[in-house]
Protein chains: 2
Amino acid sequence: MKRQTSAILIAVLMTVSSSPNDASAPNKTWHLDLAYSVFLRTQQQAVVKEFNALLAIPNAAGDLAALEQNARVIERLLQRREFATQIWRDHSRPPVVFGERKTRRPARTLLLYAHYDGQPVDVRQWHSDPWKPMLLDAPREEGGREIPISGPWPAGQTGEWRLYGRSTADDKAPIAALLAALDFIESRRLQLSVNLKLIIEGEEEAGSPHLPAILEAHKEQLAADGMLLCDGPVHQSRRPQLLFGARGMAEVEMTVYGPNRPLHSGHYGNWAPNPAALLAGLLSRMRDAEGKILIPGFYDDVRPLSATERQTLADIPSADVELRREYGLAWSEAENAPLNERILLPALNVRGLEAGHTGSLAENAVPAEARASIDFRLVPEQTPEGVRRQVEDFISGQGFHVVHDPPDEPTRLAYPRLIRMQWGPGYLPARTDMEISFSRAVSGTLENGMNVKMVRQPSVGGSIPMRLFSDTLNVPVICLPIANHDNRQHGPDENLRLQNLWEGIRMFAILLTDLGKQWR
Amino acid sequence: MKRQTSAILIAVLMTVSSSPNDASAPNKTWHLDLAYSVFLRTQQQAVVKEFNALLAIPNAAGDLAALEQNARVIERLLQRREFATQIWRDHSRPPVVFGERKTRRPARTLLLYAHYDGQPVDVRQWHSDPWKPMLLDAPREEGGREIPISGPWPAGQTGEWRLYGRSTADDKAPIAALLAALDFIESRRLQLSVNLKLIIEGEEEAGSPHLPAILEAHKEQLAADGMLLCDGPVHQSRRPQLLFGARGMAEVEMTVYGPNRPLHSGHYGNWAPNPAALLAGLLSRMRDAEGKILIPGFYDDVRPLSATERQTLADIPSADVELRREYGLAWSEAENAPLNERILLPALNVRGLEAGHTGSLAENAVPAEARASIDFRLVPEQTPEGVRRQVEDFISGQGFHVVHDPPDEPTRLAYPRLIRMQWGPGYLPARTDMEISFSRAVSGTLENGMNVKMVRQPSVGGSIPMRLFSDTLNVPVICLPIANHDNRQHGPDENLRLQNLWEGIRMFAILLTDLGKQWR
């Protein structure tokens, strides 16, 4: 999941043997809690050692040989756990690993997704080799000391230990957790309550360009009753969370044209039209300072929240005050409206402005053009096509002639206000109904088993391609993250907090053994 | 003069022996016209050869040894023409050459300014060595063929020949023209009608950082009754022009702050304040699309045009239609109001915008800050200080807390709208009264002598430091350019059209011999 980590430290210390406590938590316990504590106590080092071997294989996008090796190793790890596996590929790109393990009784089929590729690394910024994982007994910035992964471990709690390395969190953590959960289940000779299918890809950080074709080609084999997309971090409160949707996206580059070359601002300033001033004026009429989008009809397609969605919103812990402090903000948009509500609305984000030069490079010139880069975030039932139409209609109504290619000289001479709009492909927004059987079963099984109130988000603010899966495979999709929120995802010193690994194993074990019992 | 060349070609072909014709020209001729044609016919190659030697000395800013050599050579060229000279310097920077030549009778004193340094060159973009001047019999882009500077010249008109090399136009041309004019006067054993003082500096292209101290230190020696600032190009119509003023300037870098680091626009978009949107809104309230400045009171200090200024405006040839076509513009600001009028008003030019990234570098992030670089152009009686006050008052009134240094974290957390304003030193606007004796004498002498209606501009749009001279030396200043407008000033293939050199020599000869007769 392309997600920026938040570094808010909310110290919720959890021990290995006890579940997180929450005043509003369901008062039940998992029937295997004791067995799981024993498994963890005896097997935790073995789990980390097997994970270490997987992490030691480089996985930067573009390193085709290394990515291939990741896929082969994962395939073997699955085969060892009784999966029937296949390797799928489109052209010679990094392969998708498919695995399937059936349970003995008739049961629902659960599809899990994760990815084995990682973001590129700038080794100069890392404190250790990204592909030689290092274990510390506390976060590095808090003075954590190294623990040898294979040497003897000191006695005591390991939950706040951190494993440093590329993809410890994003996104090999769910793979490791699933494998260990299966080992636990095997060690107790338990039955899976669902048929299990896995799809583990190697091009997520590159935008999964070949995944749509692979899904389309194998949709019969991938048929499932529900899907968990395992990526991204848990809530900043360290409570486990389920994400039922994601905002869509419509990206556009806007270029407003002035003179065909920069003109001396002394000789031509306030005669030659200034494209930066024109662009600023246009943007100010598209969106106000509080984040409200002023384009007529822009909110018409927004689906109102359901009663359940509204209720879960109220249950999500607010981190607004801490977030504002963390990010140096005296306020947030819409008069400090809560983040959890804001991300359920569409957004117009100006992600970039460019015209002429600023600072020491500033030239006394009327710039030839001014650009704005915008990402709209969409919510159901908005579509990239609908937004494109609304935006271009609005801009035309503001007196601009809209083009999609660079204008030629006659076009420049014909239209006083000229703008080029370059749209990206966009994403559809996704929102899985929280009331359907799959949603209720996943929530209920985890809440009962973990003895904690899950954080249930109707939608994340970001744009994950949930619709790619739900539309191609006709399956409800929920996102279930494992990693700590402060994992430094995509950056140097990416790390996994071991407590998150232990809880991830536990969540998968609970789901695999109990989900089928609630899922009708 | 930091001035962008216009490339409009208005073919006004002029011959060496006849003056430019204009229907409205004064019907007089210079009493030395015939003598001057003879001088030119016999001496033109010698003039170019002496100029060539001066041009061959490199003069890029920073090349201290070469700049020093320029000054020494110019000093010798002046001494050979009976000037008492001095070399002035501030610290060890490129020196100022001062020269003085008194006439025998009591007379007014005229101070002339030029500079010998040139803009840096990118030799890869030049078609010939910038410091090995090359003479072509037509502009290079029109297929001009090389004429050997020292070899025999073909018979015929030389007016449309072009001399290529750094500073052929900006700003060694007036130096060469003045030297030749003095040679002509000497050849006829004529008297100067004025005492002549020269100040020729070597740091103009670097912004003349040491000139104020030098002027201050030598203001007694520089005392004069009138000053001609010889720099920049003549009018695009190829008619000679006098510029009586220049717009002032107030430069400011504006930085609006968002979160203290870029935040993922999916997760925090329309929650975290977007500084690019805030900046766009602010700019749109400071200036409209037609160039009108919306800051209250901004036009209060603008001095209305005098009757003479209004009259000269009407006399300036309009190039608006050609300029709009040349620059690919379907319109110009203020509903196509004429350029000549627009530059007599203040301007707010957005010379740069910067926030996040655009195009292929665009990231899905709320930028941490957004910057705009602005140059205000000022007219009498505006001042940089007054504009600064008005602008900051306005921005404060828009709810922004204005700081001048980077804000610390407590400041960020205290103020919802936070902007940093970094002001440059600015220039005062200059406007020399067109009715004073010096102005009338210069205009009248040149119009009578050249037999042409001069283009008289109350002000140029750009910002030349006329006020530095007029305020320090308490002298009226007029700008008298020599070079062709299409000289590619500051760029590769800078060139001087020989007709402009011949007319420049003639203008200096006229002024030196006749100015004192009209100047009371």
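Return the FRET efficiency for the residue pair B:GLU186, B:ASP288: r is the Cβ-Cβ distance, R0 is 45 Å, and the value is rounded to the nearest 0.05.
0.20
If you average the sequence gap of Cα pairs under 8 Å that are 6 or more apart and divide by the length of the stretch A:215-330, what percent do you get for the contact order?
RCO, the stretch A:215-330: 16 percent.
Just tell me which aspartates and glutamates come within less than 17 Å, Cα to Cα, of A:LYS197; anything on the same chain fewer than 8 places away is out.
A:GLU75, A:GLU82, A:GLU100, A:ASP183, A:GLU216, A:GLU220, A:ASP225, A:ASP231, A:ASP514
Averaged over peptide B:287-294, how many Cβ atoms belonging to another chain are found within 10 Å of each residue's Cβ?
Going residue by residue through B:287-294 and averaging, the value is 4.
Could you give the nm distance between label points at A:ARG41 and A:GLU82, where each point is 7 Å from its Cα heading toward the beta carbon?
According to this spin-label approximation, the distance is 2.7 nm.
So what's the stretch B:474-520 giving for Cα Rg divided by 2.2 N^0.38 Å, two decimals?
1.49
For B:GLU142, what is the net charge nearby, where nearby means another residue's Cβ is under 15 Å from its Cβ and Lys, Arg count +1, Asp, Glu -1?
Neighbour charge sum, excluding B:GLU142 itself: -1.
Skipping prolines and chain starts, which residues have an amide H placed within reach, meaning under 5 Å, of the one on B:ALA368, given they are 5 or more residues away or on another chain?
The list, which skips near neighbours in sequence, is B:GLY356.
For the stretch B:198-281, treating each Cα as an identical point scatterer without solvent, what Debye log10 I(q)/I(0) comes out at q = 0.11, 0.14, 0.23, 0.25 1/Å?
Cα-only, vacuum Debye calculation for the stretch B:198-281: -0.64, -0.74, -1.27, -1.32.
With a bin width of 10 angstrom, please list the P(r) values of the protein assembly as shown as percents of all Cα-Cα pairs, from the 0 bin to the one holding the largest distance.
Reading upward from the zero bin: 2, 10, 16, 17, 13, 11, 10, 9, 7, 4, 1, 0, 0.
Write down the Kirkwood hydrodynamic radius of the stretch A:160-218, to one decimal in angstroms, obtained as one divided by the mean of 1/r over all alpha carbon pairs.
Result for the stretch A:160-218 stands at 14.2 Å.
Rounded to the nearest 100 Å², what's the accessible area chains B and A bury against each other, both chains counted, probe 1.4 Å? Intermediate results must be reported in sequence, preceding the final value.
Working: alone 22800 and 22800 Å², together 38500 Å².
Buried area (both sides, nearest 100 Å²): 7100 Å².
Kirkwood Rh over Cα pairs of the stretch B:364-440 into Stokes-Einstein at 20 °C, 1.002 mPa s: D in µm²/s?
138 µm²/s
Can you give the calculated 222 nm mean residue ellipticity of the protein assembly as shown, where each DSSP H run of n ≥ 4 adds -39,500 (n - 2.57) and the sum is split over every residue, rounded to the nearest 500 deg cm²/dmol? Let's see the in-between values first.
Working: 30 runs with 328 residues, N = 1040.
It comes out at -9500 deg cm²/dmol, rounded to the nearest 500.
Specify the longest stretch of chain B that does not include any exposed loop site, a site being one of the chymotrypsin sites (Phe, Trp or Tyr not before Pro) with a non-H, G, I, E, B DSSP assignment and at most 16 other Cβ atoms within 10 Å. Provide the component values of the computation, followed by the final result.
Working: sites that count: B:TYR299, B:TRP331.
Segment B:1-298 is the longest.
Please list, in chain and number order, the residues 5+ apart from A:ILE147 or on another chain whose amide H is under 5 Å from its amide H, with Hs placed from the backbone.
The list, which skips near neighbours in sequence, is A:LEU135, A:LEU136, A:ASP137.
Taking the full set of protein chains and a 1.4 angstrom probe, give the accessible area of B:LYS172 in square angstrom, rounded to the nearest 10.
Here the accessible area works out near 0 Å².
Along the stretch B:89-104, what does the Karplus equation 6.51 cos²θ - 1.76 cosθ + 1.60 (θ = phi - 60°) give for ³J(HN,Hα), rounded to whole Hz, x for Gly and Pro?
Here the 3J(HN,Hα) series is 8, 10, 6, 10, 7, x, x, 9, 9, 10, x, 9, 9, 8, 8, 7 Hz.
Quick check on the stretch A:163-302: what does the Kirkwood estimate of hydrodynamic radius come out to from the alpha carbon pairs, in Å? Don't skip to the end; give the middle numbers.
Values: mean 1/r = 0.0464 Å⁻¹.
That comes to 21.5 Å for the stretch A:163-302.
Could you tell me how many cubic angstrom of Cα convex hull volume the stretch B:64-186 has per residue? Mind showing how you got there, number by number?
Numbers: hull volume 18.6 nm³, N = 123.
Output value, Cα hull per residue: 152 Å³.
Pop a pseudo-label 7 angstrom from the Cα along the beta-carbon direction at both B:LYS219 and B:SER150 and give the gap in nm to one decimal.
Computed distance between label sites B:LYS219 and B:SER150 equals 4.7 nm.
Just need the relative contact order of chain A here, percent rounded to a whole number, with Cα pairs under 8 Å and 6+ apart.
This gives 27 percent for chain A.
So which GluC sites (Glu not before Pro) in the stretch A:353-407 end up in coil per DSSP with only 12 or fewer other C-beta atoms within 10 Å?
Of the GluC sites (Glu not before Pro), not one in the loops of the stretch A:353-407 has a Cβ with at most 12 other Cβ atoms within 10 Å.
Given C-alpha coordinates of the stretch B:326-376, what is the ratio Rg to Rh with the Kirkwood estimate of Rh? Spell out each step's value before the answer.
Values: Rg = 16.3 Å, Rh = 14.1 Å.
Ratio value, two decimals: 1.15.
Using a cut-off of 11 Å between beta-carbons, work out the net charge of the residues near A:ILE374 (Lys and Arg +1, Asp and Glu -1, A:ILE374 not included).
+1
Hey, for A:GLN43 with labels 7 Å out along Cα-Cβ, what do the inter-copy distances come to in nm, ordered shortest first?
10.4
Compute and list, largest first, the equivalent-ellipsoid semi-axes of chain B from the alpha carbon gyration tensor, each √(5λ) rounded to a whole angstrom.
Semi-axes (√(5λ), whole Å): 45, 25, 24.
Whose amide H sits under 5 Å from the amide H of A:VAL403, counting only residues 5 or more places off or on another chain, with H placed in the peptide plane?
Sorted by chain and number, the residues that satisfy this are A:ILE419, A:ARG420, A:MET421.
Dividing the alpha-carbon Rg of the stretch B:401-479 by 2.2 N^0.38 Å yields what?
Values: Rg = 22.3 Å, N = 79, 2.2 N^0.38 = 11.6 Å.
Normalised Rg, Cα atoms only: 1.93.
What percentage of the solvent-accessible surface of the stretch A:411-520, computed with a 1.4 Å probe over protein heavy atoms, is contributed by carbon and sulfur atoms?
45 percent
Let me see the P(r) profile for the stretch B:346-475: every Cα-Cα distance counted, bins of 10 Å, each bin given as a percent of all pairs.
Result, from short to long distances: 9, 27, 25, 18, 11, 8, 2 percent.
Using bins 5 angstrom wide from zero, how does P(r) for the stretch A:263-362 break down, in % of all Cα pairs?
The calculated distribution, bin by bin, is 2, 9, 14, 16, 15, 13, 11, 7, 6, 4, 2, 1, 0.
Ranked highest first by average number of other Cβ atoms within 10 Å, how do B:204-213, B:137-146 line up? Mind dumping the intermediate values first?
Working: B:204-213: 17.0, B:137-146: 13.8.
So the peptides B:204-213, B:137-146, ranked by packing, come out B:204-213, B:137-146.
Contact order normalised by length for the stretch B:151-255, with contacts defined as Cα pairs under 8 Å and 6 or more residues apart; what percent is it?
For the stretch B:151-255, the relative contact order is 28 percent.
Calculate one ³J(HN,Hα) per residue across the stretch B:439-446 by plugging θ = phi - 60° into the Karplus curve 6.51 cos²θ - 1.76 cosθ + 1.60, and present them in order as whole Hz with x for glycine and proline.
Here the 3J(HN,Hα) series is 4, 5, 5, 5, 4, x, 4, 5 Hz.
If you line up the long axis of helix B:64-79 against the longest principal axis of chain B, both from Cα atoms, how many degrees apart are they, to the nearest 10?
Helix B:64-79 sits at roughly 30 degrees to that axis.
Considering only protein heavy atoms, what per residue accessible area in square angstrom results for the stretch A:228-347 with a 1.4 angstrom probe?
Numbers: 3480 Å² over 120 residues.
Normalised by residue count, the accessible surface of the stretch A:228-347 is 29 Å².
Which net charge results when you count Lys and Arg as +1 and Asp and Glu as -1 among the other residues whose beta-carbon is under 12 Å from that of B:LEU198?
Charge balance in the 12 Å sphere: 0.
The values are calculated or read from the model by the stated rules, or taken from the named source; none is laboratory data. From a predicted model like this one, the values you see are computed outputs, not experimental measurements. Methodologically, a virtual Cβ is constructed for each residue, glycine included, from the backbone with ideal geometry; neighbour enumeration extends over all protein chains shown. With ligands, DNA and RNA removed, areas are computed over all heavy atoms of the protein, side chains included. Shrake-Rupley method; radii C 1.70, N 1.55, O 1.52, S 1.80 Å.
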